[in-house]
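What follows is one structure encoded as structure tokens, with my remarks underneath.
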Amino acid sequence: MPDTIAAIATGEFITAIGIIRISGDSALTITDNIFRRSVKSSSKFAKDRHMYYGEIVNERGELLDVCMCAVFPAPNSYTGENMAELYCHGSPTVLAEIMQLLNRQRVRTAKPGEFTERAFLNGKMDLTQAEAVIDIIESETSAIAKNAAAQLKGVVGQKMTQIYDKLLDIIAHFHAVIDYPDEDIDEFELQSYNETLTEAIIELEKLLKTYERGRLLKEGIPTAIVGRTNTGKSSLLNAILGYERAIVTDIPGTTRDTIEEKIRVGNNLLHLIDTAGVRATSDTVEQLGVKRTISALEKAKLVIVVFDTTQPLCSEDFEIIGKIPGDTPKIAVINKIDLEQTFDIAELETQKFPICYTSALSGDGVEDLIEEIAKQFPEPTQAAGEIITNQRQSEALAKAVESLQNAKEALVALVTSDAVLTDIELALSAIGELTGATVREEIISRIFERFCVGK
Ligand code: GDP
């Protein structure tokens, strides 16, 4: 029988309200020991999912807090176990005292993610829903939060269950015919399942294809800001961020290392990387920065190339452009438009990338640049919940697709039924991994380790 656990769900900060969650067999008895309801009632325990006003007192009868309490008897709770929640004043000191009181009542402090792990183990949610819990907590854009909310409702899990059931039907049919030859069961004709396999592949691939965009939505679009020294890269980063993050000076080579920052731009999260430039230098620290710039360019999914409108284009500019991988989306920014232009735009137009004009100093044109970025990464067209943002899920999907493609090829090549069925079984196990039906224990603990305490 799992022990009873408790945690502060609202973090170790001063907040208006601090919530302590308690889950496990003895959660209700222990809550009843420490929480005194203000209005006495004949029943010993509080009513299911009702809020009560009262006091928390320790073993010596000392008052620790005046608070609210709700109880959730099993199985109608988040974890599926008996649960209670105390809505206290959000003082870390008071909350710590209450936690100590609970610990003395043999309630163990929960590990990160342990409540959600118990919810998963008790069948209250599948693994895609559990992972949506982390996504919603950590979401940095509203697109990701909405997607996670829909996944929390089981959008991915339901889709997977439908596919799983159809594939399971094929295997069940095959075994039924073999195991019960005397029964009146339709003959097993593998070819008749060709369409089921095709449909399953299409559905799984559709979901798998969303991962690339999903990852960028969740983790941010790696965006390298490159250009010759002193063109205003750091100033532009500050202008986009709206505050002074990078050190701006007119001494070439000030940004000796890369500076990274995340910023929400419309529905996108940009993971901005201000780079050190790519010029040849004898300074070892700067050389390291140049190396990092090149690696940032390789990883970037968007490159903003900054030019100084007061400087004519030179070979170094083209050297920088030449280091950007060909298929990476890029935007040229002609900066310092508040000064006189000596730059010949015609030379750049041959490069065929969108051009924005800015003054990082005054902020002019920064909005246009932000709009251009949004154009390159438009809002996803998928319904909320239908975007995969998780590597583990995308790997399981890829495995399922590969196994089903093998099954289909074998079917077309008229290979024996059991060879085809082995591939279908592999696909079933990959889908099971995705939803958590067949996932290994150590993977489960790895997943929940990423959670915060109290979730
Ligand atoms: P970086 O080396 O490319 O990162 O360039 P910085 O951002 O450090 O800027 C170099 C110099 O150009 C600094 O003195 C900035 O104040 C100046 N600067 C940057 N952007 C502008 C701009 O839009 N207009 C003007 N007039 N000066 C700018």
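The values are calculated or read from the model by the stated rules, or taken from the named source; none is laboratory data. It should be emphasised that the depicted structure is a prediction, and the values quoted were computed from it without experimental measurement. Ideal geometry is used to build each Cβ from the backbone, glycine not excepted, and the neighbour counts take in all protein chains shown. The protein model used for the area step is the full one, side chains on, heavy atoms only, and it has no ligands, DNA or RNA in it. Shrake-Rupley method; radii C 1.70, N 1.55, O 1.52, S 1.80 Å.
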Residue separation between Glu260 and Asp25 times 0.36 nm, minus their alpha-carbon distance, gives in nm 79.9 nm
With a point put 7 Å past each Cα toward its Cβ, work out how far Arg106 is from Gln382 in nm, to one decimal.
4.8
Got a sec to turn the phi values of the range 320-337 into Karplus ³J(HN,Hα) couplings, 6.51 cos²θ - 1.76 cosθ + 1.60 with θ = phi - 60°, whole Hz, x for Gly and Pro?
5, 4, x, 8, 7, x, x, 8, 7, x, 9, 10, 8, 10, 8, 9, 6, 5
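Gain in length, Ser91 to Asp338, computed as 0.36 nm per residue apart minus the alpha-carbon separation, to one decimal in nm? Write down the numbers at each step before the final one.
Numbers: separation 247, 0.36 × 247 = 88.92 nm, distance 5.12 nm.
Roughly 83.8 nm would be gained on extension.
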Evaluate the distance, in nm, between pseudo-label points positioned 7 Å from the Cα of Asp364 and of Lys291 along their respective Cα→Cβ axes.
4.2
Among Gln191, Thr350, Asn122, whose Cα projects farthest towards the positive end of the dipole of the chain, with charges put on the beta-carbon of Lys, Arg (+1) and Asp, Glu (-1)?
Asn122
Calculate the spin-label point distance for Ile14 paired with Glu219, positioning each point 7 Å from the Cα along the beta-carbon direction, and give it in nanometres.
3.8
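For the full complex of protein chains and a 1.4 angstrom probe, list Arg106, Arg37, Arg446, Arg213 by accessible area with the highest value first. Working shown, then result.
Details: Arg106 205, Arg37 30, Arg446 160, Arg213 50 Å².
Sorted by accessible area, descending: Arg106, Arg446, Arg213, Arg37.
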When the range 292-331 is reduced to its Cα atoms, the Kirkwood hydrodynamic radius in Å:
10.9
Just check the range 291-363 against the gyration tensor rule for me: Cα atoms, a ≥ b ≥ c as the square roots of the eigenvalues, rounded for a/c under 1.5, and otherwise prolate or oblate depending on whether a/b exceeds b/c.
prolate
Residues in the range 386-409, backbone N under 12 Å from the label point at Ala172 (7 Å along the Cα-to-beta-carbon vector): list them, ranges by number please.
none
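Considering only Cα-Cα distances, which of the following residue pairs are longer than 23 Å: Lys159/Lys375; Lys291/Lys330; Lys233/Lys323; Lys166/Lys399; Lys206/Lys299; Lys233/Lys375?
Working: Lys159/Lys375 31 Å; Lys291/Lys330 20 Å; Lys233/Lys323 17 Å; Lys166/Lys399 17 Å; Lys206/Lys299 25 Å; Lys233/Lys375 21 Å.
Listed pairs above 23 Å: Lys159/Lys375; Lys206/Lys299.
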Given the C-alpha centroids of the range 355-408 and the range 3-20, what is the distance between them in whole angstrom?
35
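Computed FRET efficiency, Cβ-Cβ of Ala398 and Arg37, R0 60 Å: what is it to the nearest 0.05?
Working: r = 54 Å, r/R0 = 0.90.
Once the sixth-power term is evaluated, E becomes 0.65.
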Name the residue farthest towards the positive end of the dipole of the chain from the options Ala430, Gly11, Thr389, assuming +1 on Cβ of Lys and Arg, -1 on Cβ of Asp and Glu, about the Cα centre.
Gly11
Separation between Cα centres of the range 188-238 and the range 114-148, rounded to whole Å:
21
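How much FRET efficiency would the formula 1/(1 + (r/R0)^6) give for Tyr53 and Phe318, where r is the Cβ-Cβ distance and R0 is 56 Å, rounded to 0.05?
Values: r = 72 Å, r/R0 = 1.28.
After rounding, the FRET efficiency stands at 0.20.
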What aspartates and glutamates sit close enough to Lys218 to cross-link, taking a C-alpha to C-alpha distance under 18 Å and skipping anything fewer than 8 places away on the same chain?
Glu131, Asp135, Glu138, Glu140, Glu260, Glu261, Glu379, Glu386, Glu395
Backbone N within the range 160-179 under 20 Å of label point (7 Å from Ala413 Cα along the Cβ vector)
none
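Rounded to the nearest angstrom and ordered from largest down, what semi-axes does the equivalent ellipsoid of the chain get from its C-alpha gyration tensor (root of 5λ)? Walk me through the intermediate numbers first.
Numbers: eigenvalues 491, 307, 54 Å².
Computed over the chain, the values are 50, 39, 16 Å.
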Viscosity 0.692 mPa s, temperature 37 °C, Stokes-Einstein D of the range 325-455 from Kirkwood C-alpha radius, µm²/s:
162
The summed charge of the Val439 Cβ neighbourhood (under 13 Å; Lys/Arg +1, Asp/Glu -1) stands at -3
Which value, in Å², gives the accessible area per residue of the range 42-126 when a 1.4 Å probe is used on the protein heavy atoms?
50
Amide H within-cut-off set for Tyr357, under 5 Å, with H built and near neighbours excluded
Ile334
